[in-house]
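What follows is calculated from the coordinates using simple rules that are stated; it is not laboratory data. Worth saying up front: this structure is predicted, and the values here are computed from it rather than measured. Please note: Cβ atoms are built from the backbone with ideal geometry, for glycine as well, and neighbour counts cover all protein chains shown.
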Amino acid sequence: MMKLKYKYFAIDFDGTIVQDKFPHVGELLIGAKETLVKINEAGGQITIWTCREGQEKQECIEFLKANNVPYDFINCNHPDLIKKFGIDCRKIGADIYIDDKSMLGKEISWLEIHKHIFIKSEG
């Protein structure tokens, strides 16, 4: 069984979960759905962290639902973190941020992400 290293995940949509075709929705990236399902099954809390608003945000939500991609919140802080820190700031709170626009500027590899966020539990 796999165990998570983190509980709260902030994950970008365009270029991270799907190919970046904004304002359209691209195809799912290889391994994205499978990894998000495993995060969800292991008790991780997923916040979709996107610049999409209005109709584009609704298209994101509809895509995630139609493709059975799990998430808990979109563009809002998890209530546990609001309670823990006593604020609901603009920056989405998380233990880890997964975004194609990171400092490293690499293409997203969900295989590498999976290796980084899970630990194998003994027994």
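Which net charge results when you count Lys and Arg as +1 and Asp and Glu as -1 among the other residues whose beta-carbon is under 12 Å from that of Gln19?
Values: positive: Lys21; negative: Asp14, Asp20, Glu27, Asp100, Glu107.
In short, -4.
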Helix-only mean residue ellipticity at 222 nm for the chain, each DSSP H run of n ≥ 4 adding -39500 (n - 2.57), per residue, nearest 500: -9000 deg cm²/dmol
task: Would you grab the residues whose amide H sits under 5 Å from the one on Val18? Only those 5+ places off in sequence or on another chain, please, with H modelled 1.01 Å from N.
output: Leu29
query: Which far-off residues, 5 or more places away or on another chain, put their amide H under 5 Å from the one on Phe118, with H placed in the peptide plane?
result: Lys5
field: Simple spin-label estimate for Glu53 and Ile96 in nanometres, 7 Å along Cα-Cβ
entry: 3.0 nm
- prompt: For the chain, what is the convex hull (Cα atoms) projected area averaged across all directions, in square nanometres?
  reply: 8.1 nm²
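Report the gain in length on full extension from Lys106 to His24: 0.36 nm times residue separation, minus Cα-Cα distance, nm rounded to one decimal. Before the final figure, lay out the partial values.
Details: separation 82, 0.36 × 82 = 29.52 nm, distance 2.18 nm.
Full extension of this stretch gives 27.3 nm more.
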